[in-house]
Amino acid sequence: MRLLDRYLLREFLLPLAYCLAGFFLFWVSFDLFSELDEFQRQGLRVNQIALLYLVRTPELLVTVLPVALLLGLLYSLTNHARHHELTAMRAAGVGLWRLCVPYLAVGLLFSLALFTLNEFCVPDANEAANQILDRHRAGHSQDLSPDWRKNLAFHNQRDRRIWNISAYNRVTTEMIRPIVEWPRADGSRRRIGAERAIFTNSTWTFFEVKEIVYAGVPPTKAPYRGAETNQGSAVVDPMIERLRNITRSETNQLAVPELTETPEQINSEIKFSELSNLRAAKRPRLSLREILNYQRLHPYLNAADSAKLETQFQGRLAEPWTCLVVVLIAIPFGAPSGRRNVFVGVASSIFIGFTYFIILRFGLALGTGGYLAPWLAAWAPNIFFALTGAVLAHRVR
């Protein structure tokens, strides 16, 4: 690395660290004051609130990283411009784009960091934050712990399997009173009801099982929902029983390798069912892995769900590049020399940067609602503002 690159990085990283820390504290304070009434109503103590914001740190970092990068770079560039350092560097034969290589490298590094946070940290952080709140809401009640999801209906469209689960633990993968029904290749239909099930050694194992096999052509209407009892027994509609040849069996334990659904896929189903249009329009909420799992099991989504899911997918791919885009936005406005140009450029860059963030959210809203193609809704703001910044930077004298 050249001496000039090291100097530019040193002068840039310090204000970047200040901006990152300042915006992080500001965002936490703003969120705390907006949620303080709710925390008091729920009776959260100081240590519980501190733990909540600790696990929310990855999500908060995703929000403040691009803004801190924009303002930190603007400060660094304007400081160089005010002291005519950029003019001296360019007079020595160093082009503007060559000067900006360290800044573009930091922007690319932050983009990779943003992708990593979004894909591997933010989904788990959100889940942990929700568990903290749910655990406190449960308080001293005798209900199930917050790791459990009650009355879960899970439909695997690809294999035409329907799961009805009284309670499902998202951490241990344990199920209480599950009922699974699906058609088989020979035209029969198999139904398994159990007291409990757990996913172990890549296989679902059921306990206290009562199994029914309907011979012949499977019924055309939905499975009979009145079949569930407190003991997990499976009772069919009497009319269907008279019309069909039914085989019943019972066993204490049954492993069913035929069931290919994984806990990860079931968790993706839960997260998608909790994803409202409003939350989806604000920013991508699902990881790429969760989206692909959901699409794998639901190849025939309706138009509304398909638009929402595809916009989430494209938005997750496009969001990390905001760090590189804000670098391209800051360069042409922070680099021009002259005191007047410096302050005008900073104000213009901040205005354009925040306009860019607003248009990003607006594009996601249009894509989620089906008014715009998902790829266009997610990528158009990045492409437009990146090209605009590059063109303006090329015209800087």
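Nothing in this text is a laboratory measurement; each read-out follows from the coordinates by a stated rule. These numbers were taken from a predicted model, which means no experiment stands behind them. Counting neighbours? That spans all protein chains shown, and the Cβs are built from the backbone with ideal geometry, glycine included.
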*Under a Cβ-Cβ cut-off of 10 Å, what is the net charge of the residues other than PHE115 that fall near it, where Lys and Arg count +1 and Asp and Glu count -1?*
-1
*Tabulate in residue order the Karplus-calculated ³J(HN,Hα) for the stretch 347-357, using 6.51 cos²θ - 1.76 cosθ + 1.60 with θ = phi - 60°, rounded to whole Hz; enter x for Gly and Pro.*
4, 5, 5, 4, 4, 5, x, 6, 4, 4, 5
*Of the peptides 40-48, 372-380, 307-315, how do they stack up when ordered by the mean number of other Cβ atoms within 10 Å, highest first?*
307-315, 372-380, 40-48
*Alpha carbon centroid spacing (whole Å) that separates the stretch 33-72 from the stretch 157-216*: 40
*Can you put HIS83, HIS155 in order of Cβ neighbours within 10 angstrom, beginning with the fewest?*
HIS83, HIS155
_Percentage of interatomic Cα-Cα distances in the stretch 59-218 larger than 25 Å_ = 61
*Regarding the stretch 1-83, what are the three Cα extents along the principal axes, ordered largest first, in Å?*
55, 25, 16
*asked:* What's the magnitude of the charge dipole for the stretch 1-156 around its Cα centre, counting Lys and Arg as +1 and Asp and Glu as -1 at the beta-carbon? Answer in Debye, nearest 20.
replied: 500
